[in-house]
1. Sort the following peptides by mean Cβ neighbour count (other Cβ atoms within 10 Å, averaged over residues), highest first: 99-110, 72-83.
2. Given Cβ point charges of +1 (Lys, Arg) and -1 (Asp, Glu) and nothing else, what value in debye, to the nearest 20, does the dipole of region 81-203 about its Cα centre take?
3. At a 10 angstrom cut-off on C-beta neighbours, averaged per residue, how do the peptides 137-146, 163-172 rank from highest to lowest?
4. With an 8 Å cut-off on Cα pairs and a minimum separation of 6 or more residues, tell me the relative contact order of region 107-182 in percent.
5. What ranking, highest mean first, results for peptides 151-159, 188-196 when packing means the other Cβ atoms within 10 Å averaged over each residue?
6. Using a probe of 1.4 angstrom, how much of the accessible area of region 80-203 is carbon and sulfur, in percent?
Amino acid sequence: MQPVQFDVPSTTSPEQNSIHHNKISCPPLSTCSSIMKIFSVLFLLVIPPSSAFTPSFAHTKKKSKHSTSAIFNAADFKVAYDLNPRNTFLLDIREPDEWAEAHLSIATPNPLTVLSSGKWMDTTTGKYYPGTFPIDRFTGVSIVKNAKIYVHCKMGDRAKEGVEMLEQMGYSEVVALTETFDELVAAQLCDIISGEVQSLTDG
């Protein structure tokens, strides 16, 4: 029987011992730590964060059915007016002195001060609200509820206020134009005339 041989730890240096046994020595601990840090940084750069795979739920303000923030301009009015002039209105809610100075010939005057005066009753609830229904200058009666109404003033603020009142009255297709009065004049929708309106049926 041959004797069993055991490996005896070498007394040579670590470098010589590694070469002698054909083994690869482990790098120093500080080097390993540096390598791990490098791999960690690369992992974070290459792999997107979990939030990238999570749908975003932004809290947005719910718009009302008739939003006054919608953008409508003179071109939109012109298209609607050409298709149905008897059921499309350009409501000028500037004051009488502004109207008398200059106005669009196809506009219907309903000053905001008049529109916001008086009271009307909601037939479904019996409650009264401030305001007066706009008048059709060609018929002398209130504009029908299914009419398309485009509101304008001098700069735009009063038009938005008028739209809110008309929506409360039950008008479902009413919007404020984005243009100022001067811009509507420049758009050449119609003739520009001056003078007071003697009556709302005065064409």
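The values are calculated or read from the model by the stated rules, or taken from the named source; none is laboratory data. Not measured: the values here are computed from a predicted model. Because the Cβ atoms are built from the backbone with ideal geometry, glycine has one as well, and the counts that use them run over all protein chains shown. With ligands, DNA and RNA removed, areas are computed over all heavy atoms of the protein, side chains included. Shrake-Rupley method; radii C 1.70, N 1.55, O 1.52, S 1.80 Å.
1. Numbers: 99-110: 18.4, 72-83: 15.4.
So the peptides 99-110, 72-83, ranked by packing, come out 99-110, 72-83.
2. Details: 10 positive and 19 negative charges, 116 e Å.
Roughly 560 debye for region 81-203.
3. Numbers: 137-146: 14.0, 163-172: 18.4.
Order by mean packing, descending: 163-172, 137-146.
4. On the way: 109 pairs, mean separation 19.4, N = 76.
In percent, rounded to a whole number, it is 26.
5. Working: 151-159: 19.8, 188-196: 12.0.
My ranking of the peptides, most packed first, is 151-159, 188-196.
6. Answer for region 80-203: carbon and sulfur cover 51 percent of the accessible area.
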